[in-house]
1. Identify, from the list GLU98, GLU135, GLU106, the residue that is free of Cβ contacts under 8 Å to residues at least 60 places away in the same chain and more than 30 Å from ILE29 (Cα to Cα).
2. Restricting to the range 184-229, and then to whatever is basic (Lys, Arg) and either without any contact (Cβ under 8 Å) to a residue 12 or more places away in the chain or touching a Phe, Trp or Tyr at 6+ places or on another chain (Cβ under 9 Å) (or both), can you tell me which residue is nearest to MET133 (Cα to Cα)?
3. Within the bounds of the range 109-118, is there any residue that is within 30 Å of ILE53 (Cα to Cα), of a type in the set (A, V, I, L, M, F, W, C) and modelled with pLDDT of 90 or more?
4. Criterion first (outside any strand (DSSP E or B), open to solvent by 70 Å² or more (accessible area, probe 1.4 Å) and modelled with pLDDT of 90 or more) does LYS249 satisfy it?
5. I'd like to verify a number: residues in the range 88-117 that are within 24 Å of GLU44 (Cβ to Cβ), open to solvent by less than 40 Å² (accessible area, probe 1.4 Å) and not in a loop (DSSP other than H, G, I, E, B), how many?
6. Within the range 24-51, work out how many residues are out of contact with any helix residue (DSSP H, G or I) (no Cβ under 9 Å at 6 or more places or on another chain) and crowded, with 21+ Cβ neighbours inside 10 Å.
7. Filter the range 66-87 for residues that are hydroxyl-bearing (Ser, Thr, Tyr) and open to solvent by less than 60 Å² (accessible area, probe 1.4 Å) and give the result.
8. For the range 118-130, what are the residues that are within 15 Å of PRO201 (Cα to Cα) and open to solvent by less than 40 Å² (accessible area, probe 1.4 Å)?
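The values are calculated or read from the model by the stated rules, or taken from the named source; none is laboratory data. Since this is a predicted model, take the numbers as computed values, not measurements. Neighbour counts run over all protein chains shown; Cβ positions are idealised from the backbone, glycine included. Just the protein is used for accessible areas: all its heavy atoms, side chains included, with ligands, DNA and RNA removed. Shrake-Rupley method; radii C 1.70, N 1.55, O 1.52, S 1.80 Å.
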Amino acid sequence: MQINQPSNQIRLTNVSLVRLKKGKKRFEIACYKNKVLEYRSGIETDLDNVLQIPNVFLSVSKGQTAPTQDLAKAFGPKTSVDDIIQEILKKGELQVGEKERHAQAERIHNEVVDIVAGKLVDPKSKRVYTAGMIEKALEQLSSQGAQHQQEEHGKGSGTATPTADGEGKKKDLPTWTGVVTTKSAKSQALEAMKALIAWQPIPVSRARMRLRVTCPTGILKQATKAGSKKAVQENSDDADGEKATGTVKDRILSYVEQVETQDTVGQEWEMVGFVEPGAFKGLGEFVGGETKGRGRVEVLDMAVVHEGD
């Protein structure tokens, strides 16, 4: 006797699923691999190139399509199937297989390493490290992070021994435990850099920014406002009261680690120099506020490094 497949069952293979729970029901759509992210980023706009089949499912793996009454109850009776599909595409959770998840994690890992390698340098030589050296340093931090987590777990069970004050301070430092697929490579690279700088498995510092600062000469000799002392001290360890209450030019130069050139052309002073990335925001705010918009801070190079042997 022939057994017929129910009419609301459709078998699909080799798909990427997007799942959305709404109205106590879970709805799924079947998409071509890699097309969902392209659609969400605006690269792909044609739904026919995204969807394997323009249906909404309760279970793609079982081939069970969603009944019309369930869709109407969850999304509203006047909502079209196309609108429902687009809502699931935009708001739903992308289900990724093990191979795809591994490939995505590897891609993000490589992006993180490349970003970090381009932003950190040896503090003495100002030369960049190779991607391999950065990767090994991050692996070392990841192992340390796992060890610290085990120690914390031991403390929670009452089996750990008391630690010194120095160890307590180390707990407050940024940690690195490896990449995840739920965050962007850029944000994770920033976390990785903070951890590398804090723990120094290899000597590293942020690559300096190269800036051009211009300011009318008439403003340079003016005394800075009294409230500027705190800002200088936050950006310069050796700042003192005299420097904080000096001239506008003194304040600008207090942010600069190394002056490359400075010159006066007509009524405008121009300086090109290097600053730590952490000082850039304070410098820009000071110049903009103190000169009432007449001074400018331009970024010439986001990360100045020396390459080669």
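1. Details: GLU98 fails: more than 30 Å from ILE29 (Cα to Cα); GLU106 fails: more than 30 Å from ILE29 (Cα to Cα).
None of the others qualify; the one that does is GLU135.
2. Filtering the range 184-229 down to residues basic (Lys, Arg) leaves 186, 194, 206, 208, 210, 212, 221, 225, 229.
Imposing the further condition that a residue be either without any contact (Cβ under 8 Å) to a residue 12 or more places away in the chain or touching a Phe, Trp or Tyr at 6+ places or on another chain (Cβ under 9 Å) (or both) reduces the set to 194, 208, 210.
Details: LYS194: 16, ARG208: 20, ARG210: 25 Å.
By that ranking, first place goes to LYS194.
3. At the first step, the residues of the range 109-118 found to be within 30 Å of ILE53 (Cα to Cα) are none.
The answer is no; no qualifying residue exists.
4. Details: outside any strand (DSSP E or B): yes; open to solvent by 70 Å² or more (accessible area, probe 1.4 Å): no; modelled with pLDDT of 90 or more: yes.
Against the criterion (outside any strand (DSSP E or B), open to solvent by 70 Å² or more (accessible area, probe 1.4 Å) and modelled with pLDDT of 90 or more), LYS249 does not qualify.
5. Our first condition is that a residue be within 24 Å of GLU44 (Cβ to Cβ); within the range 88-117, this holds for 88-97, 99-108, 110-111.
Cutting the leftovers down to open to solvent by less than 40 Å² (accessible area, probe 1.4 Å) gives us 88-89, 92, 97, 105, 108.
Checking which are not in a loop (DSSP other than H, G, I, E, B) leaves us with 88-89, 105, 108.
Looking only at that region, the number is 4.
6. Matching residues across the range 24-51 total 1.
7. Going residue by residue through the range 66-87, those that are hydroxyl-bearing (Ser, Thr, Tyr) are 68, 79-80.
Passing the criteria: THR79, SER80.
8. Hits for the range 118-130 are LEU120, VAL121, ASP122, TYR129.
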